[in-house]
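J.: Take a look at this one; I'll ask things after.
The values are calculated or read from the model by the stated rules, or taken from the named source; none is laboratory data. Computed from a prediction, not measured in an experiment: that's the story for all the values here. When we count neighbours, we look across all protein chains shown, and the Cβ atoms used for this are built from the backbone with ideal geometry, even at glycine.
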Amino acid sequence: MRAHIGSLDLTKRTVPMFREAASYLCPDSMERRIFSKLEHGAHRTHLRLDVHNDDSYDPNTHTIYWDPYSALRTTNGGCQSPALILGYEADHAVEPSRLRELGFNHRVRGYDNAEERRGILGSEAQPHGRWAKLCDTITAAHVIG
(Lines give C-alpha, C1' and ligand atoms only; values in the text may rest on other atoms or scores of the structure.)
Protein backbone atom coordinates (compact mmCIF):
# COMPACT_ATOMS: atom_id res chain seq x y z
CA MET A 1 0.00 0.00 0.00
CA ARG A 2 1.42 3.39 -1.06
CA ALA A 3 1.43 6.60 0.95
CA HIS A 4 2.45 10.15 0.13
CA ILE A 5 3.95 12.86 2.26
CA GLY A 6 3.65 15.79 -0.10
CA SER A 7 5.73 14.92 -3.15
CA LEU A 8 7.40 11.96 -1.40
CA ASP A 9 6.09 8.52 -2.38
CA LEU A 10 6.66 5.68 0.09
CA THR A 11 4.94 2.63 1.53
CA LYS A 12 2.68 2.94 4.56
CA ARG A 13 5.13 0.66 6.38
CA THR A 14 7.93 3.17 5.70
CA VAL A 15 6.06 6.24 6.97
CA PRO A 16 6.85 5.80 10.71
CA MET A 17 10.54 5.12 9.98
CA PHE A 18 10.75 8.17 7.71
CA ARG A 19 8.98 10.36 10.30
CA GLU A 20 11.32 9.13 13.07
CA ALA A 21 14.40 9.95 11.01
CA ALA A 22 13.00 13.34 9.96
CA SER A 23 12.01 14.31 13.51
CA TYR A 24 15.49 13.43 14.71
CA LEU A 25 17.28 15.42 11.99
CA CYS A 26 14.97 18.38 11.39
CA PRO A 27 15.90 20.41 14.49
CA ASP A 28 18.99 21.18 12.37
CA SER A 29 18.17 24.03 9.96
CA MET A 30 20.02 22.46 7.01
CA GLU A 31 18.27 19.10 7.43
CA ARG A 32 14.93 20.87 7.86
CA ARG A 33 15.52 22.63 4.50
CA ILE A 34 16.47 19.33 2.80
CA PHE A 35 13.42 17.46 4.13
CA SER A 36 11.12 20.37 3.27
CA LYS A 37 12.38 20.29 -0.33
CA LEU A 38 11.98 16.51 -0.38
CA GLU A 39 8.35 16.74 0.75
CA HIS A 40 7.45 19.76 -1.40
CA GLY A 41 9.38 19.06 -4.61
CA ALA A 42 8.43 19.85 -8.18
CA HIS A 43 8.54 16.12 -8.98
CA ARG A 44 7.64 12.99 -7.06
CA THR A 45 10.55 11.36 -5.22
CA HIS A 46 10.26 7.70 -4.24
CA LEU A 47 11.60 6.27 -1.00
CA ARG A 48 12.21 2.53 -1.16
CA LEU A 49 13.43 0.38 1.69
CA ASP A 50 16.64 -1.45 0.93
CA VAL A 51 17.71 -4.17 3.34
CA HIS A 52 21.01 -4.88 1.62
CA ASN A 53 22.93 -1.98 3.18
CA ASP A 54 23.01 -0.29 -0.24
CA ASP A 55 21.76 3.22 0.49
CA SER A 56 21.76 5.33 -2.65
CA TYR A 57 19.89 7.81 -4.81
CA ASP A 58 19.00 7.07 -8.44
CA PRO A 59 18.51 10.37 -10.29
CA ASN A 60 17.03 8.59 -13.31
CA THR A 61 14.03 7.32 -11.35
CA HIS A 62 14.05 9.93 -8.54
CA THR A 63 14.35 7.06 -6.06
CA ILE A 64 16.10 7.00 -2.69
CA TYR A 65 17.04 3.49 -1.57
CA TRP A 66 17.41 3.42 2.21
CA ASP A 67 18.16 0.72 4.75
CA PRO A 68 16.68 2.04 8.02
CA TYR A 69 18.51 -0.62 10.04
CA SER A 70 22.10 -0.12 8.93
CA ALA A 71 24.69 2.40 9.99
CA LEU A 72 27.83 3.44 8.17
CA ARG A 73 31.36 3.39 9.52
CA THR A 74 33.20 6.60 8.63
CA THR A 75 36.80 6.86 7.49
CA ASN A 76 37.80 8.36 10.84
CA GLY A 77 36.31 5.49 12.87
CA GLY A 78 32.93 7.01 13.74
CA CYS A 79 29.49 5.84 12.67
CA GLN A 80 26.62 7.49 10.86
CA SER A 81 23.13 6.43 11.80
CA PRO A 82 20.41 5.32 9.40
CA ALA A 83 18.74 8.72 9.93
CA LEU A 84 21.89 10.57 8.87
CA ILE A 85 22.27 8.34 5.84
CA LEU A 86 18.70 9.16 4.79
CA GLY A 87 19.50 12.86 5.16
CA TYR A 88 22.57 12.44 2.96
CA GLU A 89 20.63 10.64 0.22
CA ALA A 90 17.78 13.17 0.49
CA ASP A 91 20.35 15.92 -0.06
CA HIS A 92 21.26 14.28 -3.38
CA ALA A 93 17.57 14.04 -4.30
CA VAL A 94 16.75 17.71 -3.73
CA GLU A 95 19.75 19.20 -5.53
CA PRO A 96 18.66 20.83 -8.81
CA SER A 97 18.99 18.16 -11.51
CA ARG A 98 21.28 20.16 -13.82
CA LEU A 99 23.84 20.69 -11.05
CA ARG A 100 23.47 17.11 -9.83
CA GLU A 101 23.98 15.68 -13.33
CA LEU A 102 27.13 17.74 -13.79
CA GLY A 103 28.40 16.42 -10.48
CA PHE A 104 27.68 12.76 -11.25
CA ASN A 105 29.61 13.00 -14.49
CA HIS A 106 32.65 14.81 -13.09
CA ARG A 107 35.40 12.77 -11.38
CA VAL A 108 37.09 14.29 -8.34
CA ARG A 109 40.16 12.83 -6.64
CA GLY A 110 39.28 11.19 -3.34
CA TYR A 111 35.54 10.88 -4.17
CA ASP A 112 33.43 8.85 -6.56
CA ASN A 113 32.38 12.07 -8.30
CA ALA A 114 31.72 15.78 -7.74
CA GLU A 115 28.18 15.12 -6.43
CA GLU A 116 29.52 12.84 -3.70
CA ARG A 117 32.07 15.54 -2.80
CA ARG A 118 29.31 18.18 -2.68
CA GLY A 119 27.22 16.06 -0.31
CA ILE A 120 30.11 15.20 1.97
CA LEU A 121 31.63 18.67 2.08
CA GLY A 122 28.24 20.40 1.91
CA SER A 123 25.49 19.33 4.28
CA GLU A 124 27.66 16.80 6.10
CA ALA A 125 30.45 19.24 6.88
CA GLN A 126 28.51 22.27 8.07
CA PRO A 127 30.31 23.57 11.15
CA HIS A 128 27.09 24.63 12.87
CA GLY A 129 23.94 23.12 14.25
CA ARG A 130 23.02 19.62 15.18
CA TRP A 131 24.33 17.98 11.99
CA ALA A 132 27.97 18.64 12.88
CA LYS A 133 27.48 17.03 16.29
CA LEU A 134 25.76 13.97 14.80
CA CYS A 135 27.95 13.10 11.85
CA ASP A 136 30.24 10.72 13.68
CA THR A 137 27.85 9.57 16.38
CA ILE A 138 25.41 6.72 16.64
CA THR A 139 23.04 6.33 19.56
CA ALA A 140 19.96 4.30 20.29
CA ALA A 141 17.93 7.48 19.81
CA HIS A 142 18.51 7.55 16.07
CA VAL A 143 18.67 3.90 15.12
CA ILE A 144 15.36 3.45 13.31
CA GLY A 145 12.87 0.79 14.36
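J.: Among LEU10, LEU84, LEU47, LEU99, which is the only one that is crowded, with 17+ Cβ neighbours inside 10 Å, among the hydrophobic types (A, V, I, L, M, F, W, C), out of contact with any Cys (no Cβ under 6 Å at 6 or more places or on another chain) and modelled with pLDDT under 95?
T.: Exactly one of LEU10, LEU84, LEU47, LEU99 is crowded, with 17+ Cβ neighbours inside 10 Å, among the hydrophobic types (A, V, I, L, M, F, W, C), out of contact with any Cys (no Cβ under 6 Å at 6 or more places or on another chain) and modelled with pLDDT under 95, namely LEU84.
J.: Here is a list of conditions, (1) surrounded by fewer than 20 Cβ atoms within 10 Å (Cβ to Cβ); (2) modelled with pLDDT under 85; (3) more than 18 Å from LEU8 (Cβ to Cβ); (4) of a type outside the set (Val, Ile, Thr), and CYS135 meets all of them except one; can you say which number that is?
T.: (1)
J.: Kindly list the number of the only condition in (1) modelled with pLDDT of 90 or more; (2) surrounded by fewer than 16 Cβ atoms within 10 Å (Cβ to Cβ) that fails for ALA42.
T.: Result: ALA42 fails condition (1) only.
J.: Moving to a separate point now. Looking only at residues that are of a type outside the set (S, T, N, Q) and within 19 Å of ILE34 (Cα to Cα) in the range 50-66, which one is modelled with the lowest pLDDT?
T.: Checked the range 50-66; the qualifying residue modelled with the lowest pLDDT is PRO59.
J.: I've got another one for you. Considering only residues of the range 50-81 that are of a type in the set (A, V, I, L, M) and without any contact (Cβ under 8 Å) to a residue 24 or more places away in the chain, which is surrounded by the most Cβ atoms within 10 Å (Cβ to Cβ)?
T.: LEU72
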